[in-house]
Amino acid sequence: MDTFDAISRRRSIRKFKSDPVPRELITRCLEAARLAPSGTNCQPWKFLVVRDADKRREIMDASFGQPMFGQAPVVIVLLGDAKAYRKRFRTGQELMEAGALTREDGDRAMAAYKEMKSVNDDSTAIIMNCVLAGENMVLEATELGLGSCWVMLFRKDRISEVFHLPKHLFPVALIPLGYADQDPPARPRYPLGEVAFDESVAKAWEEN
Ligand SMILES: Cc1cc2nc3c(=O)[nH]c(=O)nc-3n(C[C@H](O)[C@H](O)[C@H](O)COP(=O)(O)O)c2cc1C
């Protein structure tokens with residue numbers, strides 16, 4: 001399966017068979033997540049692999065009863081890691097080492113970035129990075145014949161309690177993984193013409 005195939009075949013799966021998933025397949029999904037890019041390569045993520053049925057029930061309770069968590073044999077709790085982010089991101093060192101910025105421009109960029117914090121705060125950046133890892137995971141799951149679903153409708157405070165998360169780790173998303181017990185059709189998307197534009201449109205936007 002090539003990348004575009006995996007992208008177009010993936011569906012949000014909300015009904016799962018109880019069949020166990022071989023550990024190697026889960027490891028492969030985690031590997032795909034681990035290889036995601038991140039700003040200054042800070043890798044501000046942790047992947048909590050939950051198999052225990054009681055814990056999955058607690059996840060289900062924390063997510064307003066969404067039954068997929070009781071069914072899917074594995075749930076990945078995608079965690080943002082503020083410590084990892086702080087350790088690597090603050091100086092922009094990696095961008096300078098990679099030649100993306102001179103030291104002087106790098107220092108200016110990081111100072112400007114800090115000033116923009118109100119619109120672009122740490123948690124936004126951490127979540128952006130985590131989402132790339134999570135999407136790698138669900139695309140790899142698709143290639144391996146596994147169903148998955150992005151879930152962000154859950155009580156973060158509850159998940160933090162259930163897993164005794166230290167302060168620097170916070171839940172970003174829940175991703176059940178397992179064999180699908182449904183075959184939903186592709187859900188609609190806006191046509192390309194409604195979402196992709198060339199730069200001439202920017203002028204029209206300015207005028208409106
Ligand atoms: C960030 C995000 C959060 C989502 N949260 C939930 C959720 O809490 N529960 C759920 O059943 N589906 C959730 N979904 C799945 C979407 O409803 C689904 O992706 C969308 O309807 C398109 O369908 P498709 O994924 O099958 O293409 C979420 C998807 C994303 C990307």
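Values as computed for the structure displayed
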{"item": "Every residue from segment 31-66 that is under 14 Å from Leu174 (Cβ atoms) and free of Cβ contacts under 8 Å to residues at least 12 places away in the same chain", "result": "Met60, Gly65"}
{"item": "Of residues in segment 154-169 being among the charged types (D, E, K, R) and exposed (fewer than 15 other Cβ atoms within 10 Å of the Cβ), the one farthest from the ligand (Cβ to nearest atom)", "result": "Lys167"}
{"item": "Residues (in contact with a Lys or Arg (Cβ under 9 Å, 6 or more places away or on another chain) and among the aliphatic types (A, V, I, L, M)) located in segment 46-58", "result": "Val50"}
{"item": "Top-ranked residue of segment 170-184 - restricted to ones that are within 16 Å of Glu140 (Cα to Cα) and of a type in the set (Gly, Ala, Ser), ranked as farthest from the ligand (Cβ to nearest atom)", "result": "Gly178"}
{"item": "Any hit, segment 106-123, residues being within 16 Å of the ligand (Cβ to nearest atom) and not acidic (Asp, Glu)", "result": "yes"}
{"item": "Segment 56-71, subset small (Gly, Ala, Ser) and more than 27 Å from Gln43 (Cα to Cα), residue surrounded by the most Cβ atoms within 10 Å (Cβ to Cβ)", "result": "Gly70"}
{"item": "Residue check, Ala32 touching a Gly at 6+ places or on another chain (Cβ under 9 Å) and of a type in the set (A, V, I, L, M, F, W, C)", "result": "no"}
{"item": "Long-range neighbours under 6 Å by Cβ, at least six apart or interchain, first residue away from the ligand (no atom under 16 Å from the Cβ) within segment 7-30, second in a helix (DSSP H, G or I) and among the aliphatic types (A, V, I, L, M)", "result": "Cys29/Met137; Cys29/Ala141"}
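Computed from the coordinates by the stated procedures, all read-outs in this text should not be read as laboratory data. If you're wondering where the values come from, they're calculated on a predicted model, not measured in any experiment. In this analysis, Cβ positions are derived from the backbone assuming ideal geometry, glycine residues included, and neighbour counts consider all displayed protein chains.
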